[in-house]
Amino acid sequence: MPYEISESKRDWYRQVSKRSRLRKQAATRGELGPCRAMPNRPLLRPETLMPERKRSSLTALSLFCGGGGFDLGFERAGFEHLASFDVLDICAATLSSNRPQWAVFSGPEGDVGEVDWSVYANVVDVLHGGPPCQPFSVAGKQSGAADDCDMLPAFTRAVLSVRPKAFVAENVPGLLGRRFSNYVDEAIYSPLSRDYQIVAFRLGAASFGVPQDRQRVFFVGFRSRACARKYVAPAGEHSVQRDMFSRNALTLGARAALGLPDIGFDSCAPTLRSGFTGPRKTTSILNSRASQRLWSDLKIWPNGVQKSRQDALQFPPENGHFRLSVQDCALLQGFPDDWQFAGAVYQVLGQIGNSVCPPVAYAVASSVADALGA
């Protein structure tokens, strides 16, 4: 169910927020005293989860590019980038700052629902994208097709117009629930199954070394039956807990990944909330009561994320827990430290929380490339 709280709990949050705001003002004035600690030095290097594959002739077209998780994963899997589209200018600013040579479209030109795709017809190998998930997410209202954010039909229209050799669509697990089974048939299978062999599967980010309990659903379709028969969905080569029989690499817990001291407890972080969801421009990544308890056990403060690690260090929470920076949140999502995000903190958190985890995108891209014979 969506995260619903009582009025008394809301009042408690308001008081915490007020005290936090006052502490930040005091820290800005230097009234909390000098900070003697050093910023955390993360142990996780997400780029090691995505070893660069040899460049191929395969091309990729990106829809709903957001912060670039899909784009980065496909690039490291050896694909040639054709163009990226997103209606939000801030997302285009992020991609353009990291890859100035890429063609990136935003605003009216980046509106996937309005683009004339004829220029890309029959010249794209893989079309990929994660249409907005709010219509199907438990964090949203689960209104499906009735939600103005529903862009699955626009994605389907692009596939039919471009006719790529393969497509990849990503969304929340709720899309595979019984509640939306008829809608999925109408929006994906019915219009596309005549030309594409489609398979759907669920992946957990932790199985790919990302220190976050994040589950996502992927739809992969191939025009060629031969490629579809060859296709093997990625299984993931990491595990959260190692046992004597497992050959899998161990996924670091959130504290270890961030380079924090051992407190006798560690685990994957809860799913990060997007800063674009909800009615306010939030700088919180908290998405449920259960996640609040886990963040507390990890002694990591999920609210009031700061612009930099140095800023987070200067402004410790009142309970003494570790305050996150946007760089820390990006790391927990699987972005390398050198991937820079444009915008205010809430905009950065929106891009991070809405993105496909790059190592997961890389695994899916690699599996598609293998099937296409790259």
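The values are calculated or read from the model by the stated rules, or taken from the named source; none is laboratory data. It should be emphasised that the depicted structure is a prediction, and the values quoted were computed from it without experimental measurement. Note that each Cβ is placed from the backbone with ideal geometry, even for glycine, and that neighbours are counted across all protein chains shown.
General remarks:
- Listed conditions (1) at pLDDT below 95; (2) surrounded by 15 or more Cβ atoms within 10 Å (Cβ to Cβ); (3) farther than 30 Å from Ala254 by Cβ are all met by Arg157, apart from (1).
- Unique residue being surrounded by fewer than 17 Cβ atoms within 10 Å (Cβ to Cβ), touching a residue at least 12 places away in the same chain (Cβ under 8 Å) and not assigned by TED's automatic domain parsing to the domain that holds Pro191 when the list is Gly259, Gly304: Gly259
- Filtered by the rule that a residue be touching a helix residue (DSSP H, G or I) at 6+ places or on another chain (Cβ under 7 Å) and surrounded by fewer than 19 Cβ atoms within 10 Å (Cβ to Cβ), region 232-256 gives Val232, Ala233, Val240.
- The residue of region 251-280 that is nearest to Ser207 (Cα to Cα), among those that are modelled with pLDDT under 90 and within 18 Å of the chain's Cα centre (by Cα), is Ser274.
- Any hit, region 133-152, residues being crowded, with 22+ Cβ neighbours inside 10 Å and at pLDDT 95 or above: no
- Any pair with Cβ under 9 angstrom, 6 or more apart, that starts in region 108-128 at a residue that is at positive phi and ends at one that is modelled with pLDDT of 95 or more and surrounded by 12 or more Cβ atoms within 10 Å (Cβ to Cβ): Asn122/Val162; Asn122/Arg163; Asn122/Pro164
- Residue in region 30-42 that is farther than 22 Å from Glu318 by Cβ, outside any helix (DSSP H, G or I) and modelled with pLDDT of 75 or more present: yes
- Checklist (1) over 29 Å from Ser288 (Cα atoms); (2) surrounded by 13 or more Cβ atoms within 10 Å (Cβ to Cβ); (3) at pLDDT below 95 applied to Asp111, failing item: (3)
- Filter result for Ser325 (crowded, with 20+ Cβ neighbours inside 10 Å and of a type outside the set (Val, Ile, Thr)): yes
- In region 321-345, the residues that are part of a helix (DSSP H, G or I) and either in contact (Cβ under 8 Å) with a residue 40 or more places away in the chain or in contact with a Ser or Thr (Cβ under 8 Å, 6 or more places away or on another chain) (or both): Val326, Gln327, Asp328, Cys329, Leu331, Leu332, Gln333, Val345
- Considering only residues in region 167-214 that are surrounded by 17 or more Cβ atoms within 10 Å (Cβ to Cβ), of a type in the set (Val, Ile, Thr) and under 30 Å from Asn248 (Cβ atoms), the one that is farthest from the chain's Cα centre (by Cα) turns out to be Val168.
- Given (1) free of Cβ contacts under 8 Å to residues at least 60 places away in the same chain; (2) within 20 Å of Ala365 (Cα to Cα), number of the condition Gly69 does not satisfy: (1)
- Output for region 60-89, where each listed residue is in a loop (DSSP other than H, G, I, E, B) and aliphatic (A, V, I, L, M): Ala77, Val87, Leu88
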